[in-house]
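Structure, as structure tokens:
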Amino acid sequence: MTKKTLNQNGKYVQELIDIIEPNFIFSNDAINRFQSTKGNIDKINGNKSDQLDKLREKISSIENCSLKDNSKKLILGDGDLNSPLMLIGEAPGELEDNTGNSFQGEIGSLLERMLLAINIKKDKVYASYSINFRPPEDRKPTSREIKRYSIFLKEHISIINPKIIVLMGSTAMEAVTNLNGKISTERGIWNEIILKNKTYPIMITLSPSYLIRFPENKKYSWEDLKKIKQKIKDLEIKI
């Protein structure tokens with residue numbers, strides 16, 4: 001199922017991206033916070049934590065995988081387990097493999113600025129990867145590897161059960177949607193996926209690692225971020 005949505009109602013005072021050295025624009029608006037009782041949060045998070053532990057065990061038991069054999073750590077995901085926004089990147093890199101945490105170093109700093117540009121703190125989202133182990137020499141995962149790990153990823157999505165999913169990079173796009181074309185033709189359009197009879201809106205966008213290599217494309221990512229911000233508003237989501 002595919003749905004295209006044009007979001008043109010959002011008004012932003014500053015939208016100009018410097019083409020030579022583009023930067024994301026920070027808003028002065030207050031950041032919304034999800035309100036709930038501590039008891040309810042503990043109950044929800046406890047249940048999800050148990051399910052994630054079982055998922056980790058499944059991934060850890062995978063056999064005949066060069067990705068697993070050449071990695072130090074399994075990177076599942078981190079952040080707010082109860083967040084309505086789930087970010088899915090491509091694969092861990094060297095820093096992530098060493099620390100066991102997602103989106104570290106320069107990539108993590110850029111992602112943090114991207115989120116702050118739409119008034120969201122990084123610790124208020126849940127971040128994960130399409131592939132749970134670092135590919136050798138940080139190469140792009142093969143379609144076979146993506147397909148193999150997509151089973152775990154889709155279970156991961158169902159456990160977190162977000163309101164919105166953001167797919168960052170072509171590997172994430174292929175893992176969730178089975179699309180393997182150019183990300184430039186797929187990004188910036190709202191689509192939907194159905195997992196376990198539940199529909200999730202998804203936005204495909206460029207990965208932070210790609211933007212570091214090609215900063216002139218940050219202007220496209222900024223357009224995607226504005227659409228994400230508008231969708232959050234339309235769905236009356238608090239983050």
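We did not get these values from a lab; they are worked out from the coordinates using the rules stated. Quick caveat, the model's predicted, so the values are computed rather than measured. Cβ coordinates were reconstructed from backbone atoms using ideal geometry, including for glycine residues, and neighbour counts include every protein chain displayed.
Could you tell me the center-to-center distance, by alpha carbons, between segment 146-219 and segment 71-132 in angstrom?
A separation of 14 Å, based on Cα centres.
Between beta-carbons, use under 11 Å as the cut-off and find the net charge around THR99, counting Lys and Arg +1, Asp and Glu -1.
-2
Among the lysines, select those whose C-alpha is under 19 Å from the C-alpha of LYS72, and discard any that sit fewer than 8 residues away in the same chain.
By straight Cα distance, LYS72 reaches LYS58, LYS140.
For GLU90, list long-range residues whose amide hydrogen, built 1.01 Å from N in the peptide plane, is under 5 Å from its own amide hydrogen.
The answer is SER130.
Could you pull out the pairs from LYS54/LYS238; LYS198/LYS238; LYS48/LYS198 whose alpha carbons sit more than 22 Å apart here?
Violating the 22 Å limit, Cα to Cα: LYS54/LYS238.
Pull up all non-local amide H partners of ILE193: gap of 5 or more, or a different chain, and H-to-H distance under 5 Å with H placed in the peptide plane.
TYR200, ILE202
DSSP beta bridges in segment 38-234, what fraction antiparallel, as a percent rounded to 5?
45
Please compute the length gained on full extension between ARG148 and THR199, using 0.36 nm multiplied by the number of residues separating them and subtracting their Cα-Cα distance.
16.1 nm
Which Cα, out of PHE133, ILE151, ILE202, lies furthest along the positive dipole direction of segment 38-234 (beta carbon charges, K/R +1, D/E -1)?
With unit charges placed on the Cβ atoms, the residue in question is ILE202.
Counting only other residues whose beta carbon sits under 10 Å from that of LEU195, what net charge do I get with K and R as +1, D and E as -1?
Spelling it out: positives minus negatives among the neighbours equals +2.
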